[in-house]
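K.L.:
Submitted below is the structure of interest, expressed as structure tokens.
Only the coordinates and a few stated rules stand behind these numbers; no lab work does. Just so it is clear, the model here is predicted, and its values are computed rather than measured. Here the Cβ positions follow ideal geometry from the backbone for every residue, glycine too, while neighbour counts run over all protein chains shown.
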Amino acid sequence: MKNNCFLLILYTLILFGCKQELPEATRINGVAKIFPDYNGVTIPPNIAPLNFRLKGSSEGIAILSNKKEFIRLDSKNGTFEIPLKNWRKLLTESAGDSIQVKLYVRKGNQWLCYDPFPIYVANDPIDSYLAYRLIAPGYRMWNEMGIYQRCVEDFDEDAVLNNKLTNNNCMNCHSFCMQNPKRMLFHQRTTHGGTYVVIDNKIEKLNTKTKETISALVYPSWHPSGKYVAFSTNETKQDFHLSGPNRVEVFDNESDVVFFDVEKQEIFSNPKLFTKGNYETFPTFSPDGKRLYFCSAPAKKMPEEFDQIKYNLLSIAFDPETRTFGNVIDTLYHADREGRSVKFPRVSPDGKYLLYTLSNYGNFSIWHKDADLRMLNLATQKVDSLQKVNSDDAESYHSWSSNSRWFVFSSRRMDGLYTRPYICYFDKNGVAGKPFLLPQKDTYYYDESLLSFNIPEFIKGKIKVDTNELVHVSKTDPGIDIPFVSR
Amino acid sequence: MKWKAFIFWTFVFIGLLSFFYSFNIYLYKRQEELQFFIPQWPYIKSILWIPGGCCTALGQFFVQYYQNSLFASLLNSTLLCGIGIFFYLILQQIVQRTFNYLLALIPVLGLLKMHLRLNYVLDGTLGLFLMMALLFGFTLIQGKRRWLIYSVLSTLVVYSLAGQLVILYTALLFIVGCIHRFKGWQYTLLPMALGSILTYIGARFSLYIPLIEGLQPAEYHEMQLQPDSYIYYVWIRFVFVAAILLLSGYLLKHISWSKWWRKSLITVVIAIVLFDISGMCLPDPYDVQNRMADRISSLAQQKEWDAIIRMHQGKRITNYVSLNFLNMALAQKGLLGDKLFYFDQKGPKSLLADWNHTFFMSKLLSDIHFMIGDLSMSEAYAMDGLTLAKRKGSPRMMQRLVQINLIKGDKNIAEKYINLLSQMPCYKEWAEKYRGYLGHPDLMKLDNLLASKKAADPAVNDLLCLVETDSLWMMHIEETGVNKTALEYLGCSYLLAKELDKFKSLLVKIEDDSRWQKLPVHFQEAALILSIKDPSLLKSISIEPSISERFKEFQIHNKMEHPDNNQIASLYQLYGNTFWFYYYYKQLK
């Protein structure tokens, strides 16, 4: 009742305060269809404007308001671009509350007024930057690609490194230590191949293929101390499906988990993580650095048994002082018993939850339409199926913000092929909100883009490494050969 | 004397137009299908924002209409002729001589050569056209102050529209300033300094490429042959040549022009140099071969199957790509199994050449697999082609992906591509037609192309690496409906590989299938060879009497144990268009 009064007063103020009156409109039950769908989403107080458009181009008026402020937007073509300054003011006032969005849409000579819908504004801010790779979802080939960073508070996007500068090679697996942009690494493949570790703007190129390991280092996860990075090594293959909803299958013929000691510049492992009989992969450290989570599947005959390989979610203790591991491996998800396959385990920075991806089989879930996210409460061991978060299409890679209140994940729900980043609120009670698409200035951006957002990772600030220096090191530095040590 | 210049350049224009319209029309179509450009302001705005983006946007804007060969030829001729005219006029400002006509043609010929290459983008010539126009304007300015203002302003204009070309422009400004206006030449140092600073800023702070990379040869930039990358190598060469010619013009100015023999000698020497250069600038065998490939590809796109077949009749075919197109044309006409060996086939790769990770092969293989009904394979190649297209995508590959995804029922992604294509003027109509299928998939049954295709049965899912191509084609044959193309490709692949055991298994499989009662000619020919060892085969296979009779005659002629070349040649005259000759005498590499 109180809210309705506020709204009534506010709309009255709008009516009398506006230079332009609102049109006489027929009231329609239900909310207007917009893209992206921001109805009922929860957003951080420092997010960029949620520009949106009406589905179907038509003249419209949008009123975004809270108890004190409002923004009126008039559009001839149904596209609404919210001025940054006004938006920031509105968000600041709405933190912990909501913004109501009321839409007037012109159909022919008539105006229609839809029910307002809420956008909830959390008190918890989000990390200001998001890093990702932009790449065409090509099956075997790539062309232009790059690692980019986007300020989520506005629309600025910069290339950290674009492969036009490095002879069109491949770059991937960017990873940050505790969302710290000053401590990161990524790989380049084929030309200028190597692992590039960037610490406080100092760049080191590492040659990480050893005769003891299957491959050069692949999927990374930093130890919170920054002293180690867990990697997988993989022999990965790709092929196409003859039929069915999944176009492509990416699978490992073998994989192991190894560790890179940043200070000693050597690779080591543990026999429990380096077996022939199992495929160990996707290592990730707990935020306290005392536990390693990873996925493992019993080896199968590949590719013939590609759809029978199912990964368990396991964990093992780790002592960072001595570089030793525990004797017991805990199973958090038993693939045989549960019937599905786990990948991408990621523990929230507060250590309370573990987010992972689950699909029917295999480990490269972005190509599996059945792939969904799951949230494990590490204290209670209860699993949340995140129904509000998942969709009918693939949800795959994900990462946490530094305050554990937000996570970003890759989803192909828009069209089934192009991966888009979605951001989701996760409150301190462990309840996930409705996710929202990373906002863009141009509301047609995602419709027109032929690039996928790959490996979205939150970072606390801007990556400031000198791109000139990165290119120079890539092209001229022979790299440091990293040995594999048995202990 | 102006009428002389008018007539000369009119002839040059007509010559260029004739050349481009006769030689380049297929190249234009390929260039058009290698770019993804939406002529809408938000899209264009994002390109214009970058220095040099104007050339990029304008280049792509024009290329989107390159399906119209006349327009493309006119545009290219106008640009090259325009550059020549500006160069001529600048030379005339230095010294008025007849040989300026010839000197001005040299850079035009150099650009002509570039315009024969697929990798060369129009943006480069647009930048040069702009530069030459402004340079000519510079020669008309009187007064040092106006000179200075014009040179600084034009430097800024060149930078904003053509990016790093500015440093080359200011270098030419300096040269022209020194030559044309010796007093006050130092005023050109200011725009040169400005151009250097702007280029340095662009290269160093925006593009992060070491400056030395601008001097690398064109091949080094294979994937980056666009002006907005750094500094177009073609620009460097053009300006280098222009500088030499301007200096040559200046030096020749000091030679007395009064004696007729001196005039003639100098003109003849320049003419000889021009003649030599023109030899290097005209199409070479590589360009001719590319043109052939582009022509076939264009004919295939327009479904001119008869023309493709006619192109190859009676000719020795030297490459698998041509054979792939030819055999695809035969299959489209339902003649693959009847006429395969009427042409010079070279083993199973004559049907499916190896994929060489290029856009061209991705497109070809996608088309062939689509025709046969291998939708997954076709989609894979189409997606690779879309990725490999130089300028952010390919509308042609997008069309294929629309078709495949509509057949598979993936409406969302089909709609995405339809929405994109509908914004491109040359694809709008096609896109709207296919948009109709989104809401009414039953209408696809009325579409000749789509109605015959179906998505693979999800119950039979497997990875393609685990399914041999012939097994895949066998699946199509076993499906309901009549997929004659799959049968022909499967049978012909066995025949081309001389795998008669497998071919026999195929015959046995289909012998009771009423859809395949009338076998293609070459299949019957192969059955006759098989019947030598297994006469019972002919009980269930119907062979035309004329083919049987001919086989008997062949067997009589073929009794020689070790025929010499003349005997083989005679046999070829009589039976060269049969599987029999291929089986017994064609060497497979």
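K.L.:
Which net charge results when you count Lys and Arg as +1 and Asp and Glu as -1 among the other residues whose beta-carbon is under 11 Å from that of residue B:32?
P.N.:
Its environment carries a net charge of +3.
K.L.:
If the limit is 28 Å between Cα atoms, which of B:349/B:504; A:205/A:300; B:315/B:392; B:29/B:349; B:2/B:253 go over it?
P.N.:
Correct reply: A:205/A:300; B:315/B:392.
K.L.:
Now a separate question. Which whole-Hz couplings ³J(HN,Hα) result when phi for each residue of segment A:456-462 is put into the Karplus expression 6.51 cos²θ - 1.76 cosθ + 1.60, θ = phi - 60°, listed in order with x for Gly and Pro?
P.N.:
3J(HN,Hα) across segment A:456-462, in whole Hz: x, 9, 6, 9, 6, x, 7.
K.L.:
To continue, here is another question. Once the cut-off is 39 Å, how many percent of the Cα-Cα pairs in chain B end up in the long-distance tail?
P.N.:
45
K.L.:
Computed from the mean reciprocal separation of all distinct C-alpha pairs, what Kirkwood hydrodynamic radius does the protein assembly as shown have, in Å?
P.N.:
For the protein assembly as shown, inverting the mean 1/r across all distinct Cα pairs yields 33.4 Å.
K.L.:
Here's another thing I want to ask about it. What is the pair-distance distribution P(r) of segment B:239-352, computed from all Cα-Cα distances in 5 Å bins starting at 0, with each bin given as a whole percent?
P.N.:
All Cα pairs considered, the percentages come to 2, 9, 15, 15, 9, 5, 5, 5, 6, 7, 7, 7, 4, 2, 1, 0.
K.L.:
Classify segment A:105-227 from the C-alpha gyration tensor, please: rounded if a/c falls under 1.5, else prolate or oblate depending on whether a/b exceeds b/c.
P.N.:
The shape class here is prolate.
K.L.:
Same structure again: Using the Kirkwood radius over Cα pairs, work out the Stokes-Einstein diffusion coefficient for segment B:107-153 at 4 °C and 1.567 mPa s, in µm²/s as a whole number.
P.N.:
Using the Kirkwood radius from Cα pairs, D works out to 104 µm²/s.
K.L.:
Can I ask one more? Among A:213, B:175, B:420, which residue has its Cα positioned farthest towards the positive end of the charge dipole of the protein assembly as shown, with +1 placed on the Cβ of Lys and Arg, -1 on the Cβ of Asp and Glu, and the dipole taken about the Cα centre?
P.N.:
Of the options given, the answer is B:175.
K.L.:
Oh, and also: Where does segment B:305-345 land on Rg(C-alpha)/(2.2 N^0.38 Å)?
P.N.:
0.98
K.L.:
Another question, if that's okay. Working from Cα positions, state the angle (0 to 90°, nearest 10) between the long axis of helix A:84-94 and the longest principal axis of chain A.
P.N.:
It is inclined by approximately 90 degrees.
K.L.:
Next question. Listing A:275, A:210 from the residue with the fewest other Cβ atoms within 10 Å to the one with the most, what is the order?
P.N.:
Ranked by crowding around the Cβ, least crowded first: A:275, A:210.
K.L.:
Ok, one more. Karplus couplings for segment B:381-398 from phi (6.51 cos²θ - 1.76 cosθ + 1.60, θ = phi - 60°), rounded to Hz, Gly and Pro as x?
P.N.:
Values, residue by residue: 5, 5, 5, 5, x, 4, 6, 7, 4, 4, 10, 6, x, 9, x, 5, 5, 5 Hz.
K.L.:
How about segment A:218-293: which GluC sites (Glu not before Pro) there lie in a loop by DSSP and see at most 11 other Cβ atoms within 10 Å?
P.N.:
Here the GluC sites (Glu not before Pro) that fit, given the DSSP loop and packing criteria, are A:263.
K.L.:
Something else about it: Using just the alpha carbons, could you tell me how many Å³ per residue the convex hull of segment B:339-458 encloses?
P.N.:
Convex hull of Cα atoms, per residue: 138 Å³.
K.L.:
Of the options B:308, B:510, B:202, report the single residue whose Cα projects farthest towards the positive end of the charge dipole of chain B (beta-carbon charges: Lys, Arg +1; Asp, Glu -1).
P.N.:
B:202
K.L.:
Just check segment A:315-420 against the gyration tensor rule for me: Cα atoms, a ≥ b ≥ c as the square roots of the eigenvalues, rounded for a/c under 1.5, and otherwise prolate or oblate depending on whether a/b exceeds b/c.
P.N.:
Judged from the Cα gyration tensor, segment A:315-420 comes out prolate (a/c at least 1.5, a/b above b/c).
K.L.:
When only C-alpha pairs under 8 Å and at least 6 residues apart count, what is the relative contact order of chain A, in percent?
P.N.:
14
K.L.:
Shifting gears a bit: Helix B:144-162 versus the longest principal axis of chain B: what is the Cα-based angle in degrees, 0 to 90, to the nearest 10?
P.N.:
Here the helix axis deviates by roughly 20 degrees.
K.L.:
Quantify how strongly other chains surround peptide A:241-252 by giving the mean number of their Cβ atoms within 10 Å of each of its Cβ atoms.
P.N.:
Per-residue shielding by partner chains comes out at 6.
K.L.:
Related question: Could you tell me the center-to-center distance, by alpha carbons, between segment B:78-96 and segment A:280-352 in angstrom?
P.N.:
Result: 72 Å between the Cα centres.
K.L.:
Work out from phi, with θ = phi - 60° and the Karplus expression 6.51 cos²θ - 1.76 cosθ + 1.60, the ³J(HN,Hα) of each residue of segment B:33-41, listed in order in whole Hz, and give x for Gly and Pro.
P.N.:
7, 9, 10, 10, 9, 9, x, 10, 4
K.L.:
Could you work out the equivalent-ellipsoid semi-axes for chain A, taking the square root of 5 times each eigenvalue of the Cα gyration tensor, largest first, in whole Å?
P.N.:
43, 23, 22
K.L.:
Now a separate question. Taking N as the number of residues in segment A:75-151, what is its Cα Rg relative to 2.2 N^0.38 Å?
P.N.:
After normalising by residue count via 2.2 N^0.38 Å, the value is 1.66.
K.L.:
While we're on this one: What shape does segment B:480-539 have by the C-alpha gyration tensor, where a ≥ b ≥ c are the square roots of the eigenvalues, rounded means a/c under 1.5, and otherwise prolate means a/b greater than b/c and oblate the rest?
P.N.:
In terms of gyration-tensor shape, oblate.
K.L.:
Moving on to the next point. Tell me the trypsin sites (Lys or Arg not before Pro) within segment B:482-556 that lie in a loop according to DSSP and have at most 13 other beta-carbon atoms within 10 Å.
P.N.:
For trypsin sites (Lys or Arg not before Pro) across segment B:482-556 that sit outside H, G, I, E and B with at most 13 neighbouring Cβ atoms in 10 Å, the list reads B:518.
K.L.:
Under the Kirkwood approximation for Rh and a Cα-based Rg, what ratio Rg/Rh is obtained for segment A:208-345?
P.N.:
Checking Rg against Rh, the ratio lands at 0.99.
K.L.:
Largest first, please: the extent of the C-alpha atoms of segment B:374-526 along each principal axis, to the nearest Å.
P.N.:
52, 34, 31
K.L.:
Order these by the 10 Å Cβ neighbour count, fewest first: A:64, A:378, B:420.
P.N.:
Lowest to highest Cβ neighbour count: A:378, B:420, A:64.
K.L.:
Ok, one more. As I understand it, the value is the acute angle between the Cα axis of helix A:2-17 and the longest principal axis of the Cα atoms of chain A; what does it come to in degrees, rounded to 10?
P.N.:
60
K.L.:
Summing Lys, Arg as +1 and Asp, Glu as -1, what charge do residues with Cβ under 11 Å from the Cβ of residue B:481 carry, residue B:481 excluded?
P.N.:
Net local charge, residue B:481 excluded: +2.
K.L.:
Based on the alpha-carbon gyration tensor of segment B:509-567, what equivalent-ellipsoid semi-axes (square roots of 5 times the eigenvalues) come out, in whole Å, largest first?
P.N.:
Working from the Cα gyration tensor, I get semi-axes of 27, 12, 10 Å.
K.L.:
Arrange B:131, B:192, A:302 by Cβ neighbour counts within 10 Å, fewest through most, would you?
P.N.:
Final ranking by Cβ density, sparse to dense: A:302, B:192, B:131.
K.L.:
Within segment A:155-230, report the GluC sites (Glu not before Pro) that DSSP leaves as loop and that have at most 16 other Cβ atoms within 10 Å.
P.N.:
Of the GluC sites (Glu not before Pro), the ones in loops of segment A:155-230 whose Cβ has at most 16 other Cβ atoms within 10 Å are A:212.
K.L.:
Report the local net charge at residue B:456: Lys and Arg +1, Asp and Glu -1, summed over other residues whose C-beta lies under 14 Å from its C-beta.
P.N.:
Neighbourhood net charge equals -3.
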